[in-house]
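Novice: Attaching a single structure in structure tokens format; questions to follow.
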Amino acid sequence: VQLQASGGGLAQTGGSLRLSCAASGRSINNYLMGWFRSAPRKERDFVAAISRLGTATSYGDSVKGRFTISRDNVRNTVYLQMDSLKPEDTAVYYCAAAPTTYAYVSNPTQYNYWGQGTQVTVSS
């Protein structure tokens with residue numbers, strides 16, 4: 001599976017951005033899809049994940065209530081709607097795919113496929 005993330009950019013505190021992750025090569029129907037982020041001098045953090053059919057979602061504590069993950073298996077695309085953005089959300093955001101039936105996987109080592117990342121910068 002090849003993953004292409006897009007939609008990053010510059011936003012103000014309190015603003016919104018919507019990230020997209022377009023998959024090719026294989027259908028994402030059989031994959032748990034996740035978003036992670038990496039900030040300078042920090043480990044890669046779990047942001048959100050969504051089960052294969054989109055019936056279950058999970059979020060990192062720092063984004064709960066502000067971010068929403070969704071997927072469109074027909075379009076082979078996963079989304080991350082980011083609202084109420086904060087400067088600490090500044091990072092490179094990556095989408096990833098895990099071949100698992102579990103609905104919640106926050107360990108990045110469990111994900112087999114990764115997109116190239118898209119930069120999100122939130123100004124104060």
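The values are calculated or read from the model by the stated rules, or taken from the named source; none is laboratory data. Predicted model only: the values in this text are computed from it and were never measured. FYI the Cβ positions are ideal-geometry reconstructions off the backbone, even for glycines, and counts take in every protein chain you see. The protein model used for the area step is the full one, side chains on, heavy atoms only, and it has no ligands, DNA or RNA in it. Shrake-Rupley method; radii C 1.70, N 1.55, O 1.52, S 1.80 Å.
Novice: Please determine whether any residue of segment 37-49 is farther than 29 Å from residue 124 by Cα, in contact (Cβ under 8 Å) with a residue 24 or more places away in the chain, open to solvent by less than 40 Å² (accessible area, probe 1.4 Å) and β-branched (Val, Ile, Thr).
Specialist: The answer is no, given that none of the residues of segment 37-49 is farther than 29 Å from residue 124 by Cα, in contact (Cβ under 8 Å) with a residue 24 or more places away in the chain, open to solvent by less than 40 Å² (accessible area, probe 1.4 Å) and β-branched (Val, Ile, Thr).
Novice: Let me ask something additional. Can you tell which of 55, 77, 13 is more than 17 Å from residue 122 (Cα to Cα) and either more than 14 Å from the chain's Cα centre (by Cα) or open to solvent by 50 Å² or more (accessible area, probe 1.4 Å) (or both)?
Specialist: Going through 55, 77, 13 in turn, the sole match is 55.
Novice: Pull up segment 104-124, narrow it to residues that are among the aliphatic types (A, V, I, L, M) and either modelled with pLDDT of 95 or more or open to solvent by 40 Å² or more (accessible area, probe 1.4 Å) (or both), then point me to the one that is farthest from residue 40 (Cα to Cα).
Specialist: 122
Novice: Please pick out the residue among 62, 84, 70 that is of a type in the set (Gly, Ala, Ser), in contact with a helix residue (DSSP H, G or I) (Cβ under 8 Å, 6 or more places away or on another chain) and open to solvent by 40 Å² or more (accessible area, probe 1.4 Å).
Specialist: Within the list 62, 84, 70, the selection yields 62.
Novice: Now, a different point. Quick one: in segment 87-103, of everything that is within 11 Å of residue 49 (Cα to Cα) and surrounded by fewer than 22 Cβ atoms within 10 Å (Cβ to Cβ), which residue is farthest from the chain's Cα centre (by Cα)?
Specialist: It comes out as 102.
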